[in-house]
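The values are calculated or read from the model by the stated rules, or taken from the named source; none is laboratory data. Every value quoted in this text rests on a predicted model; they were computed, and no experiment measured them. Cβ placement follows ideal geometry from the backbone for every residue including glycine, while neighbour counts extend to all protein chains displayed. Just so you know, the surface numbers come from the protein's heavy atoms only, side chains and all, with ligands and any DNA or RNA stripped out. Shrake-Rupley method; radii C 1.70, N 1.55, O 1.52, S 1.80 Å.
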Amino acid sequence: MLFKTTLRTALLAVATVVALPAMAQQNYAADSITIRKIYDNALTSYESYDNLRYLTKKIGNRLSGSPQAAAAVEWSRQVMDKMGLDRVYLQEVMVPHWVRGEKEIGRVTNSRAGAADMNIAALGGSVGTGAKGISAQVVEVKSFEELEKLGKKKVQGKIVFFNRPFDNTHLNTMQAYGGAVDQRGGGPVAAAKLGAVGVLVRSMANEVQEVPHTGSTRYQEGVAKIPAAAISTKHANQLSDLLQDDPQLNFYLRMTCETLPDVLSYNVIGELKGTEKPEEIIVVGGHLDSWDLGEGAHDDGTGCMQSIDVLRMFKELNIKPKRTVRAVLFMNEENGLRGGLKYAELAKKNNEKHIAAIESDAGGFTPRGFGIDGTAAQFAKAKSWHNLLTPYGLHDLNRDGGGADIGPLKGQGTVALIGFRPDSQRYFDYHHTEIDVFENVNRREMQLGSASMAALVYLLAEYGF
Ligand SMILES: [Zn+2]
């Protein structure tokens, strides 16, 4: 696999050299000066970081359907309105409205150690337990196969505890997440099919931590909906130890979360019209909603503020994009993706021609590069810009691209779906927790991200894709 990729990259590099004369005349010297100006501006600007402070501290977390999500829509619309863009507008979208309710209770009652409270957080979309809560024995598994083997007899009436940890040998923590998150999404259905009454899922995190990590879970038509919660990695370890000692222990779970009727919300969009090919559109975006724990700072306040900052820099530096550039703040990525779906639906309906969409939804950390889901020719073109980008630490260009919100655009013409890829080491310390707060975002790292996206957007707008 690795060898194949390397070989392909080498072949593409050769193809690039051969193909270059056929491409639009590129002035590398002028481009490198423009990109330098973008970075100089980003690194010395405080506007976007101040905006992030406002979004996280004054508005706060922004779960779809919440008053804060509504406030974030109106505030970010006003922020872009004041920038003198060519167009700022909203796209209506109906979103799910799940509420957490009272603080959850997770309590182990052990024959030897007595009672111990565990840090848990209801998974998004979960049903509640009823006001009285539920109490049941716990059965621990590391995989769905293991659960299947236990069968109905050993699972019926119990709480299934999914405790497969992150594989910490992965350099990219996204891969570790990918190897564990099936438990969170698919746990409740698999457990309910065998008659379980509840689910606990080990938090999606690399480290041993006090804080639980929430996130979406799923139910299935015709399968009982059972309550599901994330348990902190520290308490997952502790619960596992306690079970070794006392497999009969009892777990008391109380959650009052519920799903209310859908609510009208919006994607927020700001646009700079292209001077030469306005019909060709480049999107740069993040998602405005967040989980209801913490402040949605890295996930995804930074992505939204960076996207707005790309437009700010273009205005301030008097860069007139040849193609249309849109900052899109998508609504409802976390528990429904309705904003991303609506954006793609309207793009298709209005016959819009997107050439590329870039999403920043991996935290406001030091940039590493981009993942590009596009044609071989598009990837070759991006590779031809390598020397313009590597001085800024953008070394990683691979074809593992995309992003949740831009995903629904796939297949509309030859739109390339590009994921902005910052360093991933700290992302899952904060992801979906109460400590995803403004204080954990570094201004320079965040600004380097804005500049990275602005540099790529500039090249895309100048030369097409
Ligand atoms: Zn996100």
Practice task
Filter segment 262-292 down to residues that are surrounded by fewer than 20 Cβ atoms within 10 Å (Cβ to Cβ) and among the β-branched types (V, I, T) and give me whichever is nearest to the ligand (Cβ to nearest atom).
Solution key: V263
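Residues in segment 310-330: is at least one within 12 Å of S48 (Cβ to Cβ) and not in a helix (DSSP H, G or I)?
Scanning segment 310-330, I find at least one residue that is within 12 Å of S48 (Cβ to Cβ) and not in a helix (DSSP H, G or I), so the answer is yes.
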Handout entry: Neighbours by Cβ (under 7 Å, 6+ apart or cross-chain): first from segment 353-371, in contact (Cβ under 8 Å) with a residue 12 or more places away in the chain; second within 15 Å of the ligand (Cβ to nearest atom) and aromatic (F, W, Y)
Key = I358/F420; E359/F420; S360/F420; A362/F420; A362/Y427; G363/Y427; F365/Y427; F370/F420
Practice task
Any chance you could count how many residues in segment 224-265 are in contact (Cβ under 8 Å) with a residue 12 or more places away in the chain and part of a helix (DSSP H, G or I)?
Solution key: 11
Handout entry: Boolean, K342 is among the basic types (K, R), in contact (Cβ under 8 Å) with a residue 60 or more places away in the chain, out of contact with any helix residue (DSSP H, G or I) (no Cβ under 9 Å at 6 or more places or on another chain) and farther than 25 Å from V441 by Cβ
Key = no
Practice task
Report, by residue number, each residue of segment 33-57 that is farther than 11 Å from A451 by Cβ and in contact (Cβ under 8 Å) with a residue 12 or more places away in the chain.
Solution key: T34, Y46, E47, Y49, N51, L52, R53, Y54, L55, T56, K57
Handout entry: Members of segment 411-422 found to be touching a residue at least 40 places away in the same chain (Cβ under 8 Å) and either closer than 14 Å to E345 by Cα or within 13 Å of the ligand (Cβ to nearest atom) (or both), listed by number
Key = Q412, G413, G419, F420, P422
Practice task
Could you run through segment 109-131 and say how many residues are in contact with a helix residue (DSSP H, G or I) (Cβ under 6 Å, 6 or more places away or on another chain) and either at pLDDT 95 or above or of a type in the set (A, V, I, L, M) (or both)?
Solution key: 2
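Looking only at segment 293-301, decide whether some residue is within 16 Å of the ligand (Cβ to nearest atom), crowded, with 24+ Cβ neighbours inside 10 Å and either closer than 19 Å to Y89 by Cβ or of a type in the set (S, T, Y) (or both). Step through it out loud before you land on a result.
Step one: of segment 293-301, the residues within 16 Å of the ligand (Cβ to nearest atom) are 293-301.
From what's left, crowded, with 24+ Cβ neighbours inside 10 Å: 294-301.
From what is left, the residues that are either closer than 19 Å to Y89 by Cβ or of a type in the set (S, T, Y) (or both) are none.
No: zero hits.
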Handout entry: Residue in segment 353-398 that is least open to solvent (accessible area, probe 1.4 Å), counting only those that are over 29 Å from D40 (Cα atoms) and in a loop (DSSP other than H, G, I, E, B)
Key = G374
Completion exercise
Taking segment 110-140 and keeping residues touching a Phe, Trp or Tyr at 6+ places or on another chain (Cβ under 7 Å), in a strand (DSSP E or B) and either farther than 30 Å from L337 by Cα or of a type in the set (S, T, Y) (or both) leaves S135, A136, V138, V139, E140
Exercise for the section: Return only the number of the condition from (1) surrounded by 17 or more Cβ atoms within 10 Å (Cβ to Cβ); (2) within 30 Å of K349 (Cα to Cα); (3) not basic (K, R) that S48 does not satisfy. Expected result: (2)
Exercise for the section: Mind telling me which of the residues E221, E210 ends up being exposed (fewer than 15 other Cβ atoms within 10 Å of the Cβ), farther than 20 Å from E146 by Cα, in contact (Cβ under 8 Å) with a residue 12 or more places away in the chain and not hydrophobic (A, V, I, L, M, F, W, C)? Expected result: E210
Exercise for the section: Mind telling me which of the residues M331, M313 ends up being within 16 Å of the ligand (Cβ to nearest atom) and open to solvent by less than 10 Å² (accessible area, probe 1.4 Å)? Expected result: M331
